[in-house]
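*Asks:* Quick one: structure below, then a few questions.
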Amino acid sequence: MKYIKTFLIIFSFTLIFIFLNILFSPKYATNLIEGSMISEYYDEEVPHDVIFIGDCEVYANFSPIVMYEEEGISSYVRGTPQQLIWQSYSILKETLKYEKPKVVVFNVNSMRYNKPVSEAYNRLTIDKMKWSKEKIEIINNSMLKDETFISYLFPIIRYHSRYDKLTKEDFEYLFKRKKNTHNGFLINTNVKPYTSLPSKKILSNYSFSDIDYSYLDKIVSLCKKNNIELILIKAPSLYPYWYEEYETQIQEYSRKNNLQYYNFASISNEIGINYNLDTYDGGLHLNLSGATKLSKYFSNILKENYDLIDYRKNEKINKIYQKKINMYYNDIRY
Amino acid sequence: MKKIKQIFITLFLIGVLFGCNYNQKQKDEIQLYEFEHNGKTMKLGEVFSIEKYGQPEDYTEVESCAFEGLDKTFNYGSYEVTTFSDNDKDKIYSIYFLDENVKTKEGIKITDSFDKMKKTYGDDYEKIDNMYTYTKQKTQLNFIINNNEITSIEYLYAVQ
Amino acid sequence: MNIFILIFSILIYASFGIYNLIYILLSTLISFFSAKTLKKSKRKKLILIVIILNILLLLFFKLYIYNNFFGIFEKTSIIVPIGISYYTFQIISYLIDVYNEKIDAETNLFNFLLYALYLPYLFIGPISRYSQLGNQLKKKKKIKLENFIYGFMRILFGLFKKVIIAQRIIVIINYIVENNFTGSYVLLSCLLYSILIYCDFSGGIDIVLGVSNLFDIKLVENFDSPYLSENLKEFWKRWNITLSNFLKDYVYIPLGGNRVSKIRNNINILITFFVSGIWHGINYILWGLLNGIILIIENNKKSKNRILNIIFNYIIVSLLWIFFIYPNSIEALTKLSTIFYEFNYISLFKNLFIFGLEISDYLILIISIVIIMIFDIKKLRIKEEIKKMTTNKKIIIILILFLLVITFGRYGIGFNVNEFIYSKF
């Protein structure tokens, strides 16, 4: 009886502490929206036959809504900024806890990175992931030298300095999410034509590292174990340079492992991509117009070669997708 | 006991005061790696401006994945300067040689031999694959060697 | 529990470099055995030699640090053992006490190791006597809730000083130093440095004492509201108390203290402060001597106006910290002199926000400094009040301190928590 007061004190404090952790975490709702991508997946109400994993080359270039309109394919892009291959692996594992897609598409651009790049990108990918074994795994694999696990567990340790930078967004989105993507695709209607790019630099080593190969192996076997068709792709992008040596390695790898590999960058003409109109950053990523072309092209490939359901014929799911389509074109008009 | 202590302390007093008379040398100014061309000196990490270094032949802006400002690349024909943005200022991050018409401050150019590089810069390099990196504080000079010949030269600034 | 403390201390200390362990074990073992032999043979000379050896080892490293920093000879790379200044003096105090037959030599090696290798003090002090710390360690320790509560409160209070106050002030001072500002900026750095070094040092001590308290080990206080002093003599009784006491008992008094002629007394004072200077580092000798000289000139005089005395003393002490801000004594003196002929105060007020702190930081700084001031002034009263509080109220204080430190502290990525200033000595 005499400890009830103590217990209440400690309990209230714990609540305050948890509240502060949530309050100080960036919401990624209207600012740095790329950070919210990973979590929008959890709100999905439809099954997805196709899952994309990879970096900004997937979430800028592939539009599931377009693919649905074309062929009734239900897909989701689980891409995040600068997503590294071990992160893709953990994210795929996590996705498989929610559903079993028929096809997984992986953009091989991240094979060129063999160590964590920046804390900021780690945060964008990891912060809004739901806590799970995979999140613990991804944190441990991605932390830079001066990062700590506890700062992910208690975000206030990382974000406490925001005490004088809190905005309306921090309070508004304490307990709700703002949807910024459309099935993981980020719309960008700006046009910045390709004019020039930095020179192609000579590298000291063109081989993908052991760690990249090992995670690619893991992705391959994870898909095999779950009867999922894995497709490797290289999204169309003029920079950073996809060296011939990189291309050779991926071709050999896909040959050895009996995987389908599409290099969309090398057939951008065939897809109809015009780097004067179809890119928003001078050739690194496609804009809405380019992504639409690529998505239509890819959905045809998928339809031809994979046994995917046409969900337009499913009344319940089609209704949900109609709502999505409306929101999509609404956002574009904006 | 007291006497010994006194003697000891007095002796030491004299010894150290004598030592103190040496001029306290300031920390040596360590020469960092910098690039010189046509009379201009480019220091890594310094603010870049076209007024200072002249109009480039070509110019590119590259935005990274989500944010972090713009990386700007200025092409001067034989070399290329890349800047990163830091607090609204563009600071020099890399100077990359494009052909053998430019030399490092110490006189090394692309196509020079590996031995010449070693003789000029010494043995204190870090070797990863066939890239040889010389570091002075935050500035780096990277050489890539193929068939005993320099095929690439780049000045890099360690932003961290 | 003692075994746990010793093993823990050794492991953590060794994790900073196994060479650290070698030096401290060397000093500790040689000192232990030389003291132990005193019991059998009355050969006091042996202890004397060991004392001198310890001093020489300390001096060697002080010279080494000085050389490496100021580049007299070629740079070499030897690891300077962590806490050598603290453990050397602590061990020497033991040896001298045994030599003077003030205490009995310890016969149990384990006990002595515990005393010398007690981890918390190796980073920042205090310098404890064997009669005090030895007994605290040997006594039967009780895990009491009371100790935990007091311990955590003290630790958090120390963290409050370090990460909220010290970590903010250092931003200003670093900026001023790195950009070679002079005149009023130097005066500002001195005045702020007083607060910085106090919060940093006493904050660290709070953590050491707090941690020790968790294990029912009570260490001697090292600070007693030092900036309430009215002259330097009083100041040194309230600042780094354990070091001052060491110097008093083992240098000043053996030299004769004040039971000698005035001139001789002044020399004794100078020698004592000279040693204090060296203890901090060779380049602090001038600082030490200046302290001594000013103390002699003051002659323990105090004006009738208490507040004026306190302010004046604060200014003197602040100006003396110049040797800590600029480790090069010549540069320190040069910068100090600019205070007296460069009056760029207007420029300073215009530039308050270029140092790297924002208005919210200044607000937090002012409020926290006021809190510490109130605490220092009303210390006895506040401690009494807290003692009278119920456990629940104390827990609330701890939790509030915790939230304040976590939210307003400057730590983590992008803040580089600087090491404690006094760990460098």
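*Asks:* Only one of these is open to solvent by 40 Å² or more (accessible area, probe 1.4 Å), out of contact with any Gly (no Cβ under 9 Å at 6 or more places or on another chain) and at pLDDT below 90: C:T390, C:T334. Name it.
*Replies:* Matching residue, one of C:T390, C:T334: C:T390.
*Asks:* Which of the following residues is at pLDDT 85 or above and either closer than 24 Å to C:S212 by Cβ or in the same structural domain as C:I217 (by TED's automatic domain parsing) (or both): C:L59, C:L21, C:L53?
*Replies:* The conditions single out C:L21.
*Asks:* Could you check, for segment B:53-67, whether at least one of its residues is part of a helix (DSSP H, G or I), modelled with pLDDT under 90 and farther than 30 Å from A:L286 by Cβ?
*Replies:* Checked against the condition, which is being part of a helix (DSSP H, G or I), modelled with pLDDT under 90 and farther than 30 Å from A:L286 by Cβ, segment B:53-67 yields at least one hit.
*Asks:* Taking strands (runs of 3 or more DSSP E) that fall entirely within segment B:103-147, which contain at least 1 residues that are open to solvent by 90 Å² or more (accessible area, probe 1.4 Å) and of a type in the set (K, R)?
*Replies:* B:126-128
*Asks:* Something else now. For the subset of segment A:111-131 comprising residues that are closer than 26 Å to A:Y42 by Cα and away from chain B (no Cβ under 14 Å), which member is surrounded by the fewest Cβ atoms within 10 Å (Cβ to Cβ)?
*Replies:* For segment A:111-131, the residue satisfying everything is A:W131.
*Asks:* While we're looking at this one, here's another question. Examine segment C:223-234 for a residue that is more than 19 Å from C:I421 (Cα to Cα) and in contact with a Ser or Thr (Cβ under 6 Å, 6 or more places away or on another chain), and state whether such a residue exists.
*Replies:* No.
*Asks:* Moving to a separate point now. Answer with yes or no whether A:L284 is farther than 23 Å from A:Y68 by Cβ, surrounded by fewer than 20 Cβ atoms within 10 Å (Cβ to Cβ) and hydrophobic (A, V, I, L, M, F, W, C).
*Replies:* no
*Asks:* Still on this model: Please find, among A:S207, A:S199, A:S237, the residue that is loosely packed, with under 15 Cβ neighbours inside 10 Å, within 14 Å of another protein chain (Cβ to nearest Cβ) and in a loop (DSSP other than H, G, I, E, B).
*Replies:* So the residue among A:S207, A:S199, A:S237 that is loosely packed, with under 15 Cβ neighbours inside 10 Å, within 14 Å of another protein chain (Cβ to nearest Cβ) and in a loop (DSSP other than H, G, I, E, B) is A:S207.
*Asks:* If you take just the helices (runs of 4 or more DSSP H) that sit entirely in segment C:285-330, which of them hold at least 2 residues that are open to solvent by 70 Å² or more (accessible area, probe 1.4 Å)?
*Replies:* The helices (runs of 4 or more DSSP H) meeting that bar are C:285-298, C:306-320.
*Asks:* Now for a separate question. Restricting attention to segment A:135-166, report how many residues are free of Cβ contacts under 8 Å to residues at least 60 places away in the same chain and open to solvent by 30 Å² or more (accessible area, probe 1.4 Å).
*Replies:* Result for segment A:135-166: 17.
*Asks:* Follow-up. Of the conditions (1) touching an Asp or Glu at 6+ places or on another chain (Cβ under 8 Å); (2) at pLDDT below 85, C:V98 satisfies every one except a single condition; which number is it?
*Replies:* (2)
*Asks:* So which of C:F110, C:F69, C:F148, C:F152 ends up being buried (at least 19 other Cβ atoms within 10 Å of the Cβ), of a type outside the set (S, T, Y) and in a helix (DSSP H, G or I)?
*Replies:* C:F152
*Asks:* Go through (1) touching a residue at least 24 places away in the same chain (Cβ under 8 Å); (2) over 19 Å from the mean Cα position of the chain (by Cα); (3) closer than 23 Å to C:S131 by Cβ for C:T272 and report which single condition fails.
*Replies:* The one condition C:T272 does not meet is (2).
*Asks:* Another one. Can you tell me which residue among C:Y250, C:Y314, C:Y284 is within 29 Å of C:K424 (Cβ to Cβ), touching a residue at least 60 places away in the same chain (Cβ under 8 Å) and more than 10 Å from chain B (Cβ to nearest Cβ)?
*Replies:* Exactly one of C:Y250, C:Y314, C:Y284 is within 29 Å of C:K424 (Cβ to Cβ), touching a residue at least 60 places away in the same chain (Cβ under 8 Å) and more than 10 Å from chain B (Cβ to nearest Cβ), namely C:Y314.
*Asks:* Evaluate segment A:170-182: report whether one residue or more is in a loop (DSSP other than H, G, I, E, B), within 14 Å of chain C (Cβ to nearest Cβ) and either of a type in the set (D, E) or open to solvent by 80 Å² or more (accessible area, probe 1.4 Å) (or both).
*Replies:* no
*Asks:* If you don't mind, there's one more thing I want to ask. Please count how many residues of segment A:9-28 are open to solvent by 80 Å² or more (accessible area, probe 1.4 Å), more than 17 Å from A:Y152 (Cα to Cα) and more than 8 Å from every other protein chain (Cβ to nearest Cβ).
*Replies:* Going through segment A:9-28 one residue at a time, the tally reaches 2.
*Asks:* Can I ask one more? Taking segment A:290-334 only, how many residues are open to solvent by 50 Å² or more (accessible area, probe 1.4 Å) and over 22 Å from A:L232 (Cα atoms)?
*Replies:* Going through segment A:290-334 one residue at a time, the tally reaches 15.
*Asks:* Quick one: which of A:S75, A:S90, A:S63, A:S36 is among the hydroxyl-bearing types (S, T, Y), open to solvent by less than 10 Å² (accessible area, probe 1.4 Å), within 14 Å of chain B (Cβ to nearest Cβ) and under 13 Å from the mean Cα position of the chain (by Cα)?
*Replies:* A:S36
The values are calculated or read from the model by the stated rules, or taken from the named source; none is laboratory data. These numbers were taken from a predicted model, which means no experiment stands behind them. Note that each Cβ is placed from the backbone with ideal geometry, even for glycine, and that neighbours are counted across all protein chains shown. These accessible areas exclude ligands, DNA and RNA; they are computed on the full protein's heavy atoms, side chains included. Shrake-Rupley method; radii C 1.70, N 1.55, O 1.52, S 1.80 Å.
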